[in-house]
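As structure tokens, the structure follows; a few thoughts come after it.
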Amino acid sequence: MNRKFLYLVILIIIAVLASYVSESFLTRRGASITITVPTTSTTVYLLSNPMQNATLRIALSTDISTIDIHYATGVADFEVLGNVYESLFRITYNGSKLAYIPWLVKEFKQLNDTAWLFVLRNGIMFQNGERLTAYDVKASLERSMRLSGIGKQLLTDAKGRPIISDIVIINDTAFIIMLREPFTPLIEHLAHLSTAIMPRDVALKYWNGPINSTQDVIGTGPFMLESYEKGSRAVLKRFDGYWGRKPAIQNLVYLILPDANARISAILSGSVDIATGVSPDMVNTLRAQGIEVYRVTGVRLVLVAINCLRIPDVRVRQALNYAINRSAIVKELMDGYAQVAMGIASPVFPDAAVLEPYNYNVSKARELIEEAGFAGKKLTLLVSTRSPKDVQLAQVVQQYLKAVGVDVEIVQMEHTAFLKRVFIDHDFDLAIYGPSPSSLYYALTYWRTNASLNGPQYSNPEVDVLLDRIAREVNESKRLELYRDVQEVIWRDAPAMWLYFEDVVVAARPSVKGLQILPFQKLVLDSMYIG
Amino acid sequence: MRGLVAKISLGIIFAEIFLALLANFIAPYPYYRVDLENRLRPPSPTHILGTDPLGRDVFSRLVYALRISFAVAILSLAVALLIGTALGMVSAILGSVTDAVLSWIFDVVYAMPGFFIAIAILLIIGSGVMGTAAAISLTLTPIFFRLSRSAARGVLVKQYVEVAKALGASTLRIALNYVGRELMAVVIPAAVYMLSDAIALEATLSVVGLGVNPPTPSLGNMISEYKDYVFVAPWLVATPIAIIALTIASLNILAKELDKKLNAFLEAA
């Protein structure tokens, strides 16, 4: 027995020594090899994809929470189900800005303030062999507004009423969306996958609850869901009747690997072709081993929400913003894989305003805090354990706030408990999270009075009025002005410490060609092939 | 051979306790000092165990982590030992309904996996040093209860206790003089053994993100904070793991040795 322990002890000592030795070896190797890899996504245009029988394996960091696109909420949900389903419009990214382009829709026209005419593309088939018609669209949009958490937020107004009063079908391919009131961001919101189109039969069958059989996961997209094992994998197969450009690969397998080390070893060993959720700290290690690392500016704004009911003094909230050295965080903690927040919406959104920055200024922060009589206050900072980077960030924020005389106690919580505490109970002083909106308007609605994603309970009637006016303003230049105004107001009111927009970092083996990445951490496999 | 291993184990534990107690003097930097410009540095003369992803000195954190981990483990163990042993004795001596009710309650708690009880408690009362200690002590209490109850019952049927009773010794006197003395031989080695359990449980809770809140280091939350850096900076996670393994092995060896010594001592007495 004791002999065994002795062996164990010796083994451990050897393991520790080995780790030091291997490290010095690794660093030397890392330093001697410099590889330049494209850091922005590049588009490879091919006339048609070479049809391959290949299987593409992708490692995801989180499991999907549902197989029903209208119930989808997480990044992983949209990543997997986004191959199966399509919406009337589609969000594309050209390397600097997002665009919302007609997709299942061929043409559309605004008839008057509250009526929009849409005509569907011809010859679009669902994966069950049925043709896409306006009836499917009507049923799908109505189901989305009825059931979908995000669909509801996208397609209801501030009072919680649906913005769509009726969908009038003209014939199989044409329909009119009648609005209760003018709503200018309609197209952007119809591009979200939460408003994806499914066959009418399926929508009616699951009118009151989530789809529970993979057989009923039917969309118009390039891949069909073949099987899904909770916590393990989702397997998709090419849909040969796809109306658009058919994907080159035959099988698509998503492997759920929540452990960061497991994802890294999987891609190094070649057991997956693509890994998402790559920490910036890993980039050099991966590149040294010949793995390509892609990055795009993300839409995820990492912020520290400030509970406005507990800290009503705007001077304190601004002081907290001045207390943070954002460029140091971006440069060091994020290794440059982020953009310092210059506004409350990611620069990839058209019309996102670049505002006067909160420059790092300790003396100004101290002054404001003393002026407000807030010095020596103790605050709690809530952080979810789901993201290790957030936990690190919390400790950095703690140090910065200590320097301006605010003591912070960090409380870490399991993710669901965290969400409840922040968005339902609003029981916190400060909380770290990062919303990932799909449109500028949607990003701004987080800050409406009593909005469901308004964690800090920020309320400014001016913001509410401006948002209503934007929804009604048809004149584009006037609307742009209003957009700028509302962003300015929220930015100055500081219901959060605005930190940075996190880059989306994806690792892929060199054989993966033509991969594109959207700023929502969504892969675009349209022109992807194995080279 | 056996004696040597035990001595080494004792040396390791003493060294760790020494580091933990004198953490303030030994740690070259404050454990919370973030230095973003010097993150993930390999071991060097200025930082003998390197720096972590926030540029903090790993050696300083490790010394404080020993303090926190030992403090949490000893605190939770002491509470569990006091409550568990006291109730176990009461249960054995009073018998009848008291015994039945207490045994039933602790059997129910004991039947549930300790780890899940601890998670449930932490979710209710919130994480932190005190929360973690409370969670760990509740999972350990039933073990001390059962141990002391069965040992006490064994003592109570012995002839000399019967004699004492016949001579009119009070219940309290029996509890302290006869039962208590014998219990020590059972409970103390068990406590040393349980100390390793408490340390392991604290580490496990921290690895799943519960337990002591950052920036306070503990052996467990150092592992959880550094585990994603195995490929970039393997020394970060290797050191706390090695220390936990060494501590647990040493404590187990010590508990065994102590068990033997105490029994021999009691027999001689």
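The values are calculated or read from the model by the stated rules, or taken from the named source; none is laboratory data. Just so it is clear, the model here is predicted, and its values are computed rather than measured. Heads up, the Cβs are rebuilt from the backbone with ideal geometry, glycines too, and the neighbour counts pull from every protein chain shown. Side chains included, ligands, DNA and RNA excluded: accessible areas come from the protein's heavy atoms. Shrake-Rupley method; radii C 1.70, N 1.55, O 1.52, S 1.80 Å.
In this structure, A:Arg161 and A:Leu111 have a Cβ-Cβ separation that, at R0 = 22 Å, corresponds to a calculated FRET efficiency of about 0.55.
Under 16 Å of direct C-alpha separation, and excluding same-chain neighbours fewer than eight residues apart, A:Lys205 reaches these lysines: A:Lys138.
Taking every alpha-carbon pair within the range A:430-528, the share separated by more than 21 Å comes to 48 percent. Report note on the peptides A:427-440, B:215-228, A:198-211: ranked by the mean count of other C-beta atoms within 10 Å, highest first, their order is B:215-228, A:427-440, A:198-211.
The per residue volume of the convex hull around the alpha-carbon atoms of the range B:1-96 is 159 Å³. Protein-only accessible surface at a 1.4 angstrom probe places the residues B:Leu258, B:Leu82 in the order B:Leu82, B:Leu258, largest first. The accessible-area loss of the range B:203-221 on complex formation, taken against its chain alone with a 1.4 Å probe, reaches 20 Å² or more at B:Gly209, B:Asn213, B:Pro214, B:Pro215. For the range A:69-165, the alpha carbon convex hull comes to 145 Å³ per residue, rounded to a whole number.
Bridgeable lysines around A:Lys331 (alpha carbons under 27 Å apart, same-chain partners fewer than 8 residues away excluded): A:Lys97, A:Lys364, A:Lys389, A:Lys402, A:Lys522, B:Lys227.
Could you tell me what percent of the accessible area of the range B:1-128 is made up of carbon and sulfur, with a 1.4 Å probe and every protein chain present?
Summing carbon and sulfur atoms, their accessible area is 75 percent of the total for the range B:1-128.
Of the three principal axes defined by the Cα atoms of the protein assembly as shown, the extents in descending order read 105, 63, 61 Å.
Spacing of the modelled spin labels on B:Ala120 and B:Arg181, each 7 Å from Cα toward Cβ, amounts to 4.1 nm. Volume of the convex hull of the range B:148-269 (Cα atoms only), normalised per residue: 124 Å³. Taking the Cα of B:Val208, stepping 7 Å toward and past its beta carbon, and measuring to each backbone N in the range B:115-156: which are under 17 Å? Under cut-off, by backbone N: B:115-128, B:131-140.
Treating only the Cα positions of the range A:273-312 as identical point scatterers, give the base-10 log of I(q)/I(0) from the Debye formula at each q in 0.14, 0.20, 0.22, 0.34 Å⁻¹. Values, matching the q order: -0.51, -0.72, -0.80, -1.22. The relative contact order of the range A:169-262 comes to 16 percent, based on Cα pairs under 8 Å that sit 6 or more residues apart. Can you classify the range A:373-492 as rounded, prolate or oblate using the Cα gyration tensor, where a ≥ b ≥ c are the square roots of its eigenvalues, rounded means a/c under 1.5, and otherwise it's prolate if a/b beats b/c and oblate if not? Prolate. Seen from all directions on average, chain B presents a Cα convex hull projection of 17.1 nm². Across the range A:306-327, the residues whose backbone nitrogen lies under 19 Å from the label position 7 Å along the beta-carbon direction of A:Ala403 are A:316-327.
Residues A:Asp351, A:Asp77, A:Asp216, A:Asp468 ordered from highest to lowest accessible area at a 1.4 Å probe: A:Asp351, A:Asp468, A:Asp216, A:Asp77. Per-residue mean of foreign Cβ neighbours for A:275-286 is 2 (Cβ atoms of other chains, 10 Å radius). Given a 1.4 Å probe and the protein chains all in place, what does the accessible area of A:Arg448 round to, in Å² to the nearest 10? Counting only protein heavy atoms, A:Arg448 exposes about 30 Å² to solvent. Listed peptides A:454-461, A:163-170 appear in the order A:454-461, A:163-170 once ranked by packing, highest mean of other Cβ atoms within 10 Å at the front. Per residue of A:396-403, other chain Cβ atoms within 10 Å of the residue Cβ number 3 on average.
The value given for the range A:118-159 is a Kirkwood hydrodynamic radius of 11.8 Å, derived from the mean inverse Cα-Cα separation. Ligands, DNA and RNA excluded, the heavy atoms of A:His426 present near 40 Å² of accessible surface to a 1.4 Å solvent probe. Compactness of the range B:87-230 was expressed as the Cα radius of gyration divided by 2.2 N^0.38 Å, which yields 1.33. Is any residue of the range A:341-366 close enough, with backbone N under 18 Å, to a label point placed 7 angstrom from the Cα of A:Ser477 along the Cα-Cβ axis, and if so, which? A:351, by backbone N distance to the label point.
The listed residues B:Ile17, B:Ile74, A:Ile274, once ranked by accessible area (1.4 Å probe) with the largest placed first, stand as B:Ile74, B:Ile17, A:Ile274. Of the residues A:Ala196, A:Gly129, B:Leu172, the one whose Cα sits farthest toward the positive end of the charge dipole of the protein assembly as shown, with +1 on the Cβ of Lys and Arg and -1 on the Cβ of Asp and Glu, is B:Leu172.
So for the range A:427-499, averaging the separation of alpha carbon pairs under 8 Å that are six or more residues apart and normalising by length, what relative contact order in percent results?
Relative contact order for the range A:427-499 comes out at 21 percent.
Accessible area per residue for the protein assembly as shown, computed on protein heavy atoms with a 1.4 Å probe, is 42 Å².
Rounded to two decimals, the Cα-based Rg/Rh of the range A:93-250, with Kirkwood Rh, is 0.97. Gain on full extension, evaluated as 0.36 nm per residue between A:Met51 and A:Ser452 minus their Cα-Cα distance, stands at 139.8 nm.
Counting only residues at least eight positions apart within a chain, or on another chain, there are no lysines with an alpha carbon under 22 Å from that of A:Lys159.
Computed over the range B:48-134, the convex hull of the alpha-carbon atoms projects to a mean area of 7.6 nm².
Could you look at the range A:292-362 and say what percent of its accessible area is carbon and sulfur, using a 1.4 Å probe and all protein chains? Roughly 49 percent of what the probe reaches on the range A:292-362 is carbon or sulfur. Built from the Cα atoms of the range A:166-274, the convex hull projects on average onto 10.4 nm², one quarter of its surface area. When only Cα pairs below 8 angstrom with a gap of at least 6 residues are kept, chain A shows a relative contact order of 20 percent.
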